[in-house]
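The values are calculated or read from the model by the stated rules, or taken from the named source; none is laboratory data. What you see is a predicted model; the values in this text were computed from it and never measured. Don't worry about glycine lacking a Cβ; one is built from the backbone with ideal geometry, like all the others, and counts go over all protein chains shown.
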Amino acid sequence: QKEVEQNSGPLSVPEGAIASLNCTYSDRGSQSFFWYRQYSGKSPELIMFIYSNGDKEDGRFTAQLNKASQYVSLLIRDSQPSDSATYLCAVIKNTDKLIFGTGTRLQVFP
Amino acid sequence: DAGVIQSPRHEVTEMGQEVTLRCKPISGHDYLFWYRQTMMRGLELLIYFNNNVPIDDSGMPEDRFSAKMPNASFSTLKIQPSEPRDSAVYFCASSFLRGDTDTQYFGPGTRLTVL
């Protein structure tokens, strides 16, 4: 079992819709959770992180964490074509290193 | 700040040759990470340093790979000898770890092709 699992997609949503990206992790000791966005041919960039159960909102983005279910999600409201990218979920356990999922490709069509 | 700087941006070499990738982290960051990204395996951590000291190199695939950080502003990842399966994008990232948040800033990457 991979430590961090994501559906590779692509997830296709129409412009203006809500995109929901999901991630599960295997280690209950995981402490912090991150969402990175990676445009094709570019490097990953941090969107947001979360470490407490519940929701965390930042503009059009909402991260949701459920530690009991070992599940973290990212919601993108009012999706735009410019949101089309690969979204990487990552977790930190009790060390300093991030463990990344393989990413979900999101396509937002006009 | 210029961000994390990597060189070269592209490298094409032949099997058996030595390859050296370079990274300059963001000034003041005390963590440096080397990653490899492929379609099949995604983004994999190879090694990371804290205050120039290697902390975890468990992701280094084999002895052909080595990494150094001689000072706070420079690190190298060397592959000797290179093989076609080493073809990937190699990212360097740096961070200043505070508490349990870890914003890693990635460089633009080096696209390595081994023929």
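Overview of values
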{"read-out": "The stretch A:62-102, subset in a strand (DSSP E or B) and among the hydroxyl-bearing types (S, T, Y), residue surrounded by the fewest Cβ atoms within 10 Å (Cβ to Cβ)", "value": "A:Y71"}
{"read-out": "Count of residues meeting criterion [within 18 Å of A:L106 (Cα to Cα) and touching a Ser or Thr at 6+ places or on another chain (Cβ under 8 Å)] in the stretch A:40-59", "value": "2"}
{"read-out": "Residue within the stretch B:53-66 that is more than 10 Å from chain A (Cβ to nearest Cβ), touching a residue at least 24 places away in the same chain (Cβ under 8 Å) and part of a strand (DSSP E or B) present", "value": "no"}
{"read-out": "Residue count, the stretch A:54-97 (criterion: at pLDDT below 90 and either of a type in the set (A, V, I, L, M, F, W, C) or over 14 Å from A:G29 (Cα atoms) (or both))", "value": "1"}
{"read-out": "Some residue of the stretch B:62-77 being surrounded by 14 or more Cβ atoms within 10 Å (Cβ to Cβ), small (G, A, S) and under 18 Å from A:Q38 (Cβ atoms)", "value": "no"}
{"read-out": "Residue match in the stretch B:30-37 (condition: surrounded by fewer than 16 Cβ atoms within 10 Å (Cβ to Cβ), modelled with pLDDT under 95 and either more than 12 Å from chain A (Cβ to nearest Cβ) or under 11 Å from the mean Cα position of the chain (by Cα) (or both))", "value": "no"}
{"read-out": "Qualifying residue in the stretch A:57-67 (condition: under 18 Å from A:D96 (Cα atoms), more than 13 Å from chain B (Cβ to nearest Cβ) and touching a residue at least 24 places away in the same chain (Cβ under 8 Å))", "value": "no"}
